[in-house]
Amino acid sequence: MKPVLEIQGLTKQFGGLVAVDNVDLNIQKGEIRALIGPNGSGKTTVLNLVSGVYEPTKGSILFKGQSVFNKRPHLLVREGMKRTFQSARLFRELSVLQNVMVGLHGQTKGGLFGIVFSLPGAKGEERMICDKAAEVLEFVGLLGQANTLAKNLPYGQQRLLEIARGLISQPDLLLLDEPAAGMNPSETFELVTLLGKIRDRGITIFLIEHDMNLVMEISDFITVLNFGRKIAEGSPGEVQNNEEVIEAYLGKRARYA
Amino acid sequence: MSLKKLSVKISFYLAMAIVLASLPSLIRSNYWIGTVNLAIIYSIAVLGLNIILGLTGQLNIAQAAFWGIGAYTAALLNTRLGWPFWATFLVAPPTAAAFGVILGFPTLKLSGRYLALATLGFGIIISLIAHNWKEFTGGVDGIPGITSPVLGPLKFSTNASFYYLALVCLILLALAQIKIKNSRMGRAFQAIKDNELAAELSGVNTFKYRVIAFALCSAYGGMAGQLFAHGTKYVSAETFFVDMSILFICMLMIGGAGSIAGSIIGASLLTFIPEWLRFLQGPWAMAIFGLAIIIIMIFMPGGLVGLASFIGSKIAMHLRRSIQAGTGRTTSRDVGVSKGTE
């Protein structure tokens, strides 16, 4: 089967700095893939390239067989790609429910005329958006907070809200940038269950994460970056025992004379 | 909603309708009714500004220019081609909106102070054209002799009769904006204000909605200008200089940016306060006016509406605490799903 995401020879240079260097990466449908590596190894840059925020210097990225280049990010969203950010980027002055409702924007089309004159089409669509948002909030466990302003949520729940905003449009691929950052251990534990449930809905997950326990527990495959280059790829067990990975994280093994 | 709440709401609206309907006979003075009309027309312009600045968060210092475009479109079509009020009513707002799109497109990638400067420049250009293209705009002498609206046997030529027409326009435009605010379009605007990148990556075509916000803002401004032209029967370049744009922004900030009620309250207050301060004579009135604006902006960032809701939430919290203290248990929280405010 064709991979959901195919990355080939991806390179991104910022001036003299090569942030991502000739990376190949394929993600199959239904997979949970983690991208790990020390700080500054180019993980977030890869995510920004995939989601259309950056233009690459070289290489290709195919999402469902189509190139993502020269496409504005909202168009990629419409084709089924959603992402979250390293530090929650919510619509702070909107309610939790409204935040999630925005996530369905690309899949709806009510225009000015229908809205101002309350035409049945626009009204029905609005009700559908609201119902779906409530359903997604229940799925991530935030329905009780539906009317709270996003800025008043505790940080861990803000991260969940970002995931809910991504989920509402039922994307094919969900990109998560450090979803566990800022979560306490029990929230992280619930996140593991939630990510499994998301995968069970047929959504492919590509995540960056520093919490190694979480990564090892949920990932099907792990790709490791160091200084922008891919140094290893495989199942959690394989990656954990890879010499080069251990070296990248812990430094060279000391030699005793 | 409970029956009691509903009846309270209905009687509130009824009382308001009676007050608004009898306002001209209560005020009597032709001068003050004229000032009320001006406040209504300013409210419409500020409602437009609320879309771009209050909801979408883009600073636009050109609302007076759109007002002017609407006013001149109406004045020229009326005096040169003999178009009646209702014809210019249909043409002036879209004309202003077209200029809004013209300003919106090239400034798509600008934000904050850069956008503010670009819109300021646009406002100055329009003002200079109005001042200097004399054979077309009449310059500072302006265009007199604009006719009053006529609807069947009704003629809206006096301030008191024009009041009803302007009021109906304001109410309809405010209702339209309430609907826009609580729709997917309004959420897209507010998403752009809070985080443009996140809006784009949530599926909002941020370019498109920024241009739509500009178009709507200028359509409201054009509508206000059109009403002004037919209400005062005279338009000149003096009536929409750049300082008017600043005044509109002050009105919105003082009333409460993002709030529909706040837009109307702010516009009305800043129309009347200079009139009330008139007894001070000369520069002192404007100095006090300016100082008051600065103080309000520093101490009430949410405007009057923000202050009112802040006080309201404090009172509600106090009441809830005293109830909890009285019964000794927490009240169950309402987890119902409501779709928006206003």
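The values are calculated or read from the model by the stated rules, or taken from the named source; none is laboratory data. Owing to the predicted nature of the structure, the values given are computational and were not obtained by experimental measurement. Don't worry about glycine lacking a Cβ; one is built from the backbone with ideal geometry, like all the others, and counts go over all protein chains shown.
Note on segment B:226-243: among residues that are of a type in the set (A, V, I, L, M), modelled with pLDDT of 90 or more and in a helix (DSSP H, G or I), the one that is farthest from B:Gln190 (Cα to Cα) is B:Ala229. Is it fair to say B:Gly222 is part of a helix (DSSP H, G or I) and under 23 Å from B:Leu76 (Cβ atoms)? Spelling it out, B:Gly222 is indeed part of a helix (DSSP H, G or I) and under 23 Å from B:Leu76 (Cβ atoms). When each of A:Leu143, A:Leu149 is tested for being within 14 Å of chain B (Cβ to nearest Cβ), among the aliphatic types (A, V, I, L, M), surrounded by fewer than 22 Cβ atoms within 10 Å (Cβ to Cβ) and touching an Asp or Glu at 6+ places or on another chain (Cβ under 7 Å), the lone residue that passes is A:Leu149. Is it true that B:Phe248 is under 30 Å from B:Pro84 (Cβ atoms), crowded, with 24+ Cβ neighbours inside 10 Å, out of contact with any Lys or Arg (no Cβ under 8 Å at 6 or more places or on another chain) and at pLDDT 90 or above? Yes; evaluated as a whole, the condition is true for this residue.
Look through segment A:50-64, keep the residues that are touching an Asp or Glu at 6+ places or on another chain (Cβ under 8 Å) and of a type outside the set (Val, Ile, Thr), and return whichever of them is surrounded by the fewest Cβ atoms within 10 Å (Cβ to Cβ). Of everything passing the filter in segment A:50-64, A:Ser60 is surrounded by the fewest Cβ atoms within 10 Å (Cβ to Cβ).
For segment A:103-117, taking the residues that are within 7 Å of chain B (Cβ to nearest Cβ) and farther than 20 Å from A:Arg83 by Cβ, the one that is surrounded by the most Cβ atoms within 10 Å (Cβ to Cβ) is identified as A:Ile115. Quick check, is B:Phe241 touching a helix residue (DSSP H, G or I) at 6+ places or on another chain (Cβ under 9 Å), surrounded by fewer than 24 Cβ atoms within 10 Å (Cβ to Cβ), hydrophobic (A, V, I, L, M, F, W, C) and within 28 Å of B:Pro149 (Cα to Cα)? Considered against the rule, which asks whether it is touching a helix residue (DSSP H, G or I) at 6+ places or on another chain (Cβ under 9 Å), surrounded by fewer than 24 Cβ atoms within 10 Å (Cβ to Cβ), hydrophobic (A, V, I, L, M, F, W, C) and within 28 Å of B:Pro149 (Cα to Cα), B:Phe241 comes out as yes. Among the numbered conditions (1) more than 10 Å from chain B (Cβ to nearest Cβ); (2) of a type in the set (Lys, Arg); (3) within 23 Å of A:Ile222 (Cα to Cα), the only one that A:Lys82 does not meet is (1). Residue by residue through segment A:1-59, note down the ones that are out of contact with any strand residue (DSSP E or B) (no Cβ under 8 Å at 6 or more places or on another chain) and assigned to a loop (DSSP other than H, G, I, E, B). Scanning segment A:1-59 gives A:Met1, A:Lys2, A:Gly15, A:Gly16, A:Asn39, A:Gly40, A:Gly52, A:Val53, A:Glu55. Among the residues of segment A:45-76, those that are within 16 Å of the chain's Cα centre (by Cα), of a type in the set (S, T, N, Q) and farther than 20 Å from B:Lys208 by Cα comprise A:Thr45, A:Asn48.
Could you please find all residues in segment A:145-159 being assigned to a helix (DSSP H, G or I) and not hydroxyl-bearing (Ser, Thr, Tyr)? If the condition is that a residue be assigned to a helix (DSSP H, G or I) and not hydroxyl-bearing (Ser, Thr, Tyr), then A:Gln145, A:Ala150, A:Lys151, A:Asn152, A:Gly156, A:Gln157, A:Gln158, A:Arg159 are the ones that fit.
Evaluate the following for B:Ile178: is it farther than 21 Å from B:Ala96 by Cα, assigned by TED's automatic domain parsing to the domain that holds B:Val101 and surrounded by 24 or more Cβ atoms within 10 Å (Cβ to Cβ)? Here the answer is no, as B:Ile178 does not meet what is asked.
With respect to the conditions (1) facing another protein chain (nearest Cβ under 7 Å); (2) within 17 Å of A:Asp131 (Cβ to Cβ), A:Val100 lacks only one, and its number is (1). For segment B:186-237, the set of residues classified as surrounded by fewer than 24 Cβ atoms within 10 Å (Cβ to Cβ), of a type in the set (Lys, Arg) and within 12 Å of chain A (Cβ to nearest Cβ) consists of B:Lys193, B:Lys208, listed by residue number. Scan segment B:107-125 and tell me whether some residue there is surrounded by fewer than 21 Cβ atoms within 10 Å (Cβ to Cβ), closer than 16 Å to B:Leu227 by Cβ, touching a residue at least 24 places away in the same chain (Cβ under 8 Å) and not aliphatic (A, V, I, L, M). Scanning segment B:107-125, I find no residue that is surrounded by fewer than 21 Cβ atoms within 10 Å (Cβ to Cβ), closer than 16 Å to B:Leu227 by Cβ, touching a residue at least 24 places away in the same chain (Cβ under 8 Å) and not aliphatic (A, V, I, L, M), so the answer is no.
Within segment B:160-185, the set of residues being more than 7 Å from every other protein chain (Cβ to nearest Cβ) and not in a helix (DSSP H, G or I) comprises B:Asn182 only.
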